[in-house]
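The values are calculated or read from the model by the stated rules, or taken from the named source; none is laboratory data. Given the structure is predicted, the values throughout are model-derived calculations rather than measurements. For neighbour counting, all protein chains shown are included, and Cβ atoms are generated from backbone atoms with ideal geometry for every residue, glycine included. Ligands, DNA and RNA are stripped out before the accessible areas are found, and what is left, the full protein with its side chains, is counted by its heavy atoms. Shrake-Rupley method; radii C 1.70, N 1.55, O 1.52, S 1.80 Å.
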Amino acid sequence: MAGNSQRRNRRTANKKGATVGSGGQRRRGLEGKGPTPPAEARKGHAKQRAANAKVKRAASSQSRRPSGRGAKSTSELVAGRNPVVEALRADIPATAVYVQQFIDNDERVREAVKLATERGVPLMEAPRPELDRITNGLNHQGLVLQIPPYEYAHPEDLAAAAFDAREDPLIMALDGVTDPRNLGAVVRSVAAFGGHGVVVPERRAAGMTAGAWKTSAGTAARVAVARATNLTRTLEAYQKAGLTVVGLAADGEVELHELEALSGPVVVVAGSEGKGLSRLVGETCDVRVRIPMPGGAESLNAGVAAGIVLYEAARRRA
């Protein structure tokens with residue numbers, strides 16, 4: 001009897017009773033986890049490290065290098081979906097368009113990719129942390145455009161090119177103008193009225209940035225912009241080469257319509273709005289000219305003033 005009781009107890013113990021459920025964990029564990037991300041997006045993968053290194057190498061091209069008699073500026077990054085699309089529409093030179101991996105493909109992204117492809121601008125895919133790094137944390141929205149370094153001419157080359165073409169040099173120089181849009185407007189006026197180039201100081205002055213390129217409406221591709229280490233010495237060198245240095249000043253001793261020098265070799269210097277010409281530059285000028293303003297305005301910005309003077313010079317030379 002005892003043996004039979006032990007056998008019944010063993011059979012009862014082996015019966016399956018109610019147990020705590022797994023909560024579906026076993027079933028979910030058997031389900032797929034979606035498509036495997038590409039190797040470039042997998043942290044620590046060799047291909048991701050290679051992609052990051054490629055972006056770093058491209059971004060490291062932002063170094064200043066000499067180029068013949070002139071120099072190259074640093075490369076520039078335009079960040080953000082709207083700015084990148086606008087820059088590509090304006091035909092601003094570009095060496096690469098960086099597109100964030102797994103970016104939301106909206107209308108602006110599609111247009112940026114389309115414009116870059118049509119222009120032959122390389123498209124480079126990069127993870128967001130790398131774009132954050134190369135833009136110093138700017139709100140790039142997954143799109144970054146790299147503009148190549150601008151190759152500045154040497155100031156002497158502007159006059160030399162005019163003389164080689166058997167023309168009297170007509171050069172604009174900017175003193176203390178820091179707004180790139182003003183520089184772009186001056187470049188556009190120089191192109192419109194047959195000038196031979198623009199000179200800007202190397203320090204504390206606007207350079208050929210994306211904003212300047214855009215305002216120039218493409219004319220920056222055919223108008224030389226030179227950088228002067230010392231603007232006063234550059235103007236003195238122009239004087240030795242036979243050019244008259246004309247400074248634009250609200251209190252100038254000569255009115256624009258009286259200025260005969262515009263029909264010959266000349267360099268016209270415009271200062272910043274408000275401050276005008278610096279003391280040394282003003283003292284270097286052969287003559288200071290004022291633009292009559294019957295409307296009573298105190299001053300004009302460099303872009304507007306340059307356009308007026310260049311038009312008068314072109315009228316006299318026609």
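A few remarks follow.
- If you go through the stretch 156-200 and keep only what is within 16 Å of VAL246 (Cβ to Cβ) and of a type in the set (Ser, Thr, Tyr), you end up with just SER189.
- All positions within the stretch 285-299 that are under 33 Å from the mean Cα position of the chain (by Cα) and at pLDDT 95 or above: CYS285
- Of the criteria (1) open to solvent by 60 Å² or more (accessible area, probe 1.4 Å); (2) over 30 Å from PRO83 (Cα atoms); (3) β-branched (Val, Ile, Thr), which one VAL304 fails: (2)
- Filter result for ARG204 (free of Cβ contacts under 8 Å to residues at least 12 places away in the same chain and open to solvent by 10 Å² or more (accessible area, probe 1.4 Å)): no
- Looking only at residues in the stretch 250-263 that are among the small types (Gly, Ala, Ser) and open to solvent by 50 Å² or more (accessible area, probe 1.4 Å), the one that is modelled with the highest pLDDT is SER263.
- Check on VAL187, closer than 21 Å to ILE147 by Cβ, open to solvent by less than 30 Å² (accessible area, probe 1.4 Å), of a type outside the set (Lys, Arg) and in a loop (DSSP other than H, G, I, E, B): no
- Scanning the stretch 239-249 for residues that are closer than 15 Å to LEU170 by Cα and either open to solvent by less than 10 Å² (accessible area, probe 1.4 Å) or free of Cβ contacts under 8 Å to residues at least 60 places away in the same chain (or both) turns up GLN239, GLY242, LEU243, THR244, VAL245, VAL246, GLY247.
- The sole residue among GLY211, GLY295, GLY252 that is among the small types (Gly, Ala, Ser), more than 30 Å from ALA79 (Cβ to Cβ) and in contact (Cβ under 8 Å) with a residue 12 or more places away in the chain is GLY252.
- Scanning the stretch 210-232 for residues that are under 30 Å from GLU283 (Cα atoms), β-branched (Val, Ile, Thr) and either modelled with pLDDT under 95 or surrounded by fewer than 22 Cβ atoms within 10 Å (Cβ to Cβ) (or both) yields VAL223, THR229, THR232.
- Criterion (surrounded by 20 or more Cβ atoms within 10 Å (Cβ to Cβ) and on the phi > 0 side of the Ramachandran plot) met by exactly one of GLY120, GLY137, GLY142: GLY142
- Residue in the stretch 130-138 that is in contact with a strand residue (DSSP E or B) (Cβ under 6 Å, 6 or more places away or on another chain), within 15 Å of GLU76 (Cβ to Cβ) and not basic (Lys, Arg) present: yes
- Screening ASP157 with (1) open to solvent by 30 Å² or more (accessible area, probe 1.4 Å); (2) touching a residue at least 40 places away in the same chain (Cβ under 8 Å); (3) farther than 30 Å from ALA116 by Cα; (4) not in a helix (DSSP H, G or I) gives one miss only, at (4).
- Evaluated against (1) touching a Ser or Thr at 6+ places or on another chain (Cβ under 9 Å); (2) outside any loop (DSSP other than H, G, I, E, B); (3) of a type outside the set (Val, Ile, Thr), GLY211 falls short on exactly one condition, (1).
- Selected residue (criterion: surrounded by the most Cβ atoms within 10 Å (Cβ to Cβ)) from residues of the stretch 160-177 that are more than 19 Å from ALA318 (Cβ to Cβ) and in contact with a helix residue (DSSP H, G or I) (Cβ under 8 Å, 6 or more places away or on another chain): ALA173
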